[in-house]
Amino acid sequence: MQPAMRFGKDMMWPAIFVAAMMWVIWFFPRFIVSMGKANDNLLSKYQSAGLIDYVFALVALVALIMGIRTARATKGEIELRSSFDRFALFVSRVTMLILTGVVGVMFFEVVARYVFERPTLWANETSLWMAGFIYLLSGLYAMQQRSHISIYLVYDQMPRGLQRLCDLISTGLICLFALAILWGSWTEAAQKFMRWETFGTAFDPPLPATMKIMVIFATLAIAAQAVANLIVDWHRGPESHGVVDESEVGEMIESAQHQFDHSKRA
């Protein structure tokens, strides 16, 4: 299969999920009204969710399930080692699309502002909104790929049994932190979500309503991924992480300098 076709297949379900969720999130107050949980402010602005709203919600759910089922590692990524890895990979693809959306929004704003002299009211806050999702969701991918910052100076000198103990302690601390976030933030986050608290600007996006809940979701997902990593890695042999070779670093710097000089001459 050609790389372009393979990329399109990998990104199809995440793209459908993102498109459907854009509708669901923007019109989520309609679902709150349908649940009978809306306050007077929402009741004055929104009606109950209609057929099209439920269709988009169903499409998002189907895309989520199919995206998780078909998620696969690509070149340079760690192979799938647990069922939760598929979820993390799917979320990473969604995050990639959101990042592309940020670039598109900012490009549109630059053209609108400096070419047509018609700046928008929504580009800055939309990019801020999407960047918040990227910041929170990318942590799950980093945990799944084991690419978070780790200091192995002492860890590599330990026997495997002691390494397992360190892994157990670190995972326990991550889970404790996630539970603390859940316990300390749930009430406020749920209140902001159910009243669909907005940013209070001209565009007025629901940043407080969505981001508070997303902080809890992302933290719990990272903790779950840490537990999945611990289970998968428990029976692996001793781990050792090579020390950085200074000669290789020097060669990389020299190569980069050579390419820079060549581009200047060109």
With the 1.4 Å probe rolled over protein heavy atoms, region 11-77 has an accessible area per residue in Å² of 61 Å²
Tell me, what % of the accessible area of the chain is carbon and sulfur with a 1.4 angstrom probe? 67 percent
List the chymotrypsin sites (Phe, Trp or Tyr not before Pro) within region 1-101 that fall in a DSSP loop (any state other than H, G, I, E or B) and whose Cβ has at most 10 other Cβ atoms within 10 Å. none
What does the charge count near ALA228 come to, summing +1 for each Lys or Arg and -1 for each Asp or Glu among other residues with Cβ under 13 Å from its Cβ? 0
Given 10 °C and 1.306 mPa s, compute D for region 90-231 with the Stokes-Einstein relation, Rh being the Kirkwood radius over Cα pairs; round to the nearest whole µm²/s. 90 µm²/s
In the chain, whole DSSP H helices that both stretch 24 Å or further along their axis by alpha carbon positions and average at least 0.5 on the Kyte-Doolittle scale are 3-26, 51-70, 83-114, 123-144, 160-194, 207-233
Would you please calculate the Kirkwood hydrodynamic radius of region 18-77 over all C-alpha pairs and express it in Å, rounded to one decimal? 13.1 Å
Give the relative contact order (percent, whole number) for the chain; include only Cα pairs under 8 Å separated by 6+ residues. 18 percent
Counting only protein heavy atoms and rolling a 1.4 Å probe, one gets per residue an accessible area for region 99-218 in Å² of 61 Å²
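The values are calculated or read from the model by the stated rules, or taken from the named source; none is laboratory data. What you are looking at is a predicted structure, and each value in this text was computed from that prediction instead of being measured. Heads up, the Cβs are rebuilt from the backbone with ideal geometry, glycines too, and the neighbour counts pull from every protein chain shown. All accessible areas refer to the heavy atoms of the entire protein, side chains included, with ligands and DNA or RNA removed. Shrake-Rupley method; radii C 1.70, N 1.55, O 1.52, S 1.80 Å.
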